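Single-structure report; data block below.
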Amino acid sequence: MENKTLKYIPGYYPYRIDEDGKVFAPHAKTGFPVLVKESSRMVNVRQDGRAKKVKVAELYRRAFNKLLPED
């Protein structure tokens, strides 16, 4: 992984996102960021013990307060 800035997503801690719109979650044992699999611009995010699908564009907007470059 390159030296990219990962920013925490407000409301979706401990998930982080980079400037390219890639979402990362901490590895269960090591704590290092691991890429979350994306399907049709949606990612599965666990909150309160339940998984739900969230648009990557929404997470990017929350973290950086701007639209994704491809939108």
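The values are calculated or read from the model by the stated rules, or taken from the named source; none is laboratory data. For clarity, every value in this text was computed on a predicted model and none was experimentally measured. As a convention, Cβ positions derive from the backbone with ideal geometry for all residues, glycine included, and neighbour counts pool all protein chains shown. The accessibility values were calculated without ligands, DNA or RNA, using every heavy atom of the protein model including side chains. Shrake-Rupley method; radii C 1.70, N 1.55, O 1.52, S 1.80 Å.
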Binned Cα-Cα distances of region 30-71, short to long, each 10 Å bin given as a whole percent: 25, 49, 24, 1
Any lysines with Cα under 23 Å of the K52 Cα? List them, leaving off those in the same chain fewer than 8 positions away. K7, K22, K29, K37, K66
Counting only protein heavy atoms and using a 1.4 Å probe, what share of the accessible area of region 1-40 belongs to carbon plus sulfur, as a whole percent? 54
Distance in nm between label sites at M42 and T30, each 7 Å beyond Cα in the beta-carbon direction? 3.0
Amide H within-cut-off set for V34, under 5 Å, with H built and near neighbours excluded: A25, H27
Just to confirm, what accessible area per residue do you get for region 18-66 at 1.4 Å probe, in whole Å²? 72
